[in-house]
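Asker: Mind looking over this structure? Questions follow.
The values are calculated or read from the model by the stated rules, or taken from the named source; none is laboratory data. Worth saying up front: this structure is predicted, and the values here are computed from it rather than measured. Cβ: placed from backbone, ideal geometry, glycine included. Neighbour counts: every protein chain shown. SASA here: full protein model, heavy atoms, side chains in, ligands and nucleic acids out. Shrake-Rupley method; radii C 1.70, N 1.55, O 1.52, S 1.80 Å.
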Amino acid sequence: DSDSFGAKAANVAELGKFLPDGMVPDGFAVPFHFYDEFMKHNGFYDQAAAMMADPTFQSDFQAREKALDSFRKRIRAGAMPDWMLDALQSMHDSFEAGTPLRCRSSTNNEDLPSFNGAGLYDSYTHHPDEGPIAKSIKQVWASLWTYRAFEERDFYRVDHFQTAMGVLVHPNYDDEQANGVAVTKNIYDPEWEGYYVNVQVGEDLVTNPEAYSIPDEFLVADLAGVERYEIQYIRHSNLVLAGGNILTKAQVFELADKMALIQSHFRTLYKVSRWDPDFAMDIEFKITADGRLNIKQARPWVE
């Protein structure tokens, strides 16, 4: 399904098949087809081709950044065909009234076994007072043409017109207790099996931290000791009291258990030998306001 919706959306759907109910965001994925038809409907592909053919665009990075900014504004203001508006509104109406929705980028140019693409594209929260969800969908689509995304694709010789944006839509989670990223391997010493975790308090994202923010960083390993796992802290968050940890031992153990399931499941899907030491999954998680573990993303780890 990643060929139609992007790896992020497809992998989240896959997580929902084998992890406990309520642990994975439940929602919808807007396919690449919608983005493609929207771009054609407004003549944006032709506009992009003309923009990229301009010698000034090609030679002056400041002019390129300015032109891309202008192009994104046109995308955000673009018109959708009626059938698309109706389909998106039907999706929006299927959620409980008043639910803020998270609209997350899901392109064919990220979350791949050979290309991470983390942080290239933008996600937005659609609030109940913002009207039709089409507004936030177009904001996500426009982020396909940010300066950083354009430059990254250009560097890797990715055809901009073969890149497409899907959108993963699910309820937004507010007031989370913690958020983090984890890798299903010991990235410091592959000879020792284990998991690597970064986690921070509240909504101060590990993936895009505020200035001077330092997360908890630790390894979790099954060393056949007295307890199921051993936790080895590398450094502690500067947002908690000295000597304190963000996650409880029970939360770390639950996270490790679910990481083992994710590693095993996706290793099979990607047809990777269990003896391949390089394969691992890169996971984003959070602890919700009521203390529950939520796995929001899983993608292949790229060294």
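Asker: When residue 233 is evaluated against the numbered criteria (1) out of contact with any Pro (no Cβ under 9 Å at 6 or more places or on another chain); (2) in contact (Cβ under 8 Å) with a residue 24 or more places away in the chain; (3) surrounded by fewer than 19 Cβ atoms within 10 Å (Cβ to Cβ); (4) closer than 24 Å to residue 294 by Cα, which criterion, by number, is the only one it fails?
Answerer: The number of the failed condition is (2).
Asker: Further, regarding this structure: May I ask you to verify whether residue 239 is assigned to a loop (DSSP other than H, G, I, E, B), crowded, with 17+ Cβ neighbours inside 10 Å and out of contact with any helix residue (DSSP H, G or I) (no Cβ under 6 Å at 6 or more places or on another chain)?
Answerer: Details: assigned to a loop (DSSP other than H, G, I, E, B): yes; crowded, with 17+ Cβ neighbours inside 10 Å: yes; out of contact with any helix residue (DSSP H, G or I) (no Cβ under 6 Å at 6 or more places or on another chain): yes.
Yes, satisfied.
Asker: Out of region 140-186, which residues are surrounded by fewer than 22 Cβ atoms within 10 Å (Cβ to Cβ), part of a helix (DSSP H, G or I) and in contact with an Asp or Glu (Cβ under 7 Å, 6 or more places away or on another chain)?
Answerer: 143, 147
Every residue, every condition in (1) free of Cβ contacts under 8 Å to residues at least 24 places away in the same chain; (2) closer than 17 Å to residue 298 by Cβ; (3) surrounded by 13 or more Cβ atoms within 10 Å (Cβ to Cβ), yes or no:
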residue	(1), (2), (3)
188	no, no, no
198	yes, yes, yes
248	yes, no, no
266	no, yes, yes
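Asker: Let me ask something else. Quick check on residue 272: is it part of a loop (DSSP other than H, G, I, E, B), hydrophobic (A, V, I, L, M, F, W, C) and under 25 Å from the mean Cα position of the chain (by Cα)?
Answerer: Yes, satisfied.
Asker: I need the full set of residues from region 106-118 which are surrounded by 13 or more Cβ atoms within 10 Å (Cβ to Cβ), among the polar types (S, T, N, Q) and out of contact with any strand residue (DSSP E or B) (no Cβ under 6 Å at 6 or more places or on another chain), in order please.
Answerer: Selection gives 108, 109, 116.
Asker: Condition first: open to solvent by 60 Å² or more (accessible area, probe 1.4 Å) and part of a helix (DSSP H, G or I). Now tell me which residues in region 46-60 satisfy that.
Answerer: 46, 47, 50, 53, 55, 56, 58, 59 - these are the residues of region 46-60 that are open to solvent by 60 Å² or more (accessible area, probe 1.4 Å) and part of a helix (DSSP H, G or I).
Asker: Name the residue that is farthest from residue 262 (Cα to Cα), counting only residues in region 287-303 that are crowded, with 16+ Cβ neighbours inside 10 Å and of a type in the set (A, V, I, L, M).
Answerer: Looking at the filtered set, the residue picked out is 287.
Asker: Quick one: residue 213 ticks every box in (1) hydroxyl-bearing (Ser, Thr, Tyr); (2) surrounded by 19 or more Cβ atoms within 10 Å (Cβ to Cβ); (3) not in a strand (DSSP E or B) bar one, so which box is it?
Answerer: Among (1) hydroxyl-bearing (Ser, Thr, Tyr); (2) surrounded by 19 or more Cβ atoms within 10 Å (Cβ to Cβ); (3) not in a strand (DSSP E or B), the lone unmet condition for residue 213 is (2).
Asker: A follow-up question, please. Mind counting the residues in region 77-98 that are in a loop (DSSP other than H, G, I, E, B), touching a residue at least 60 places away in the same chain (Cβ under 8 Å) and surrounded by 14 or more Cβ atoms within 10 Å (Cβ to Cβ)?
Answerer: So the answer is 2.
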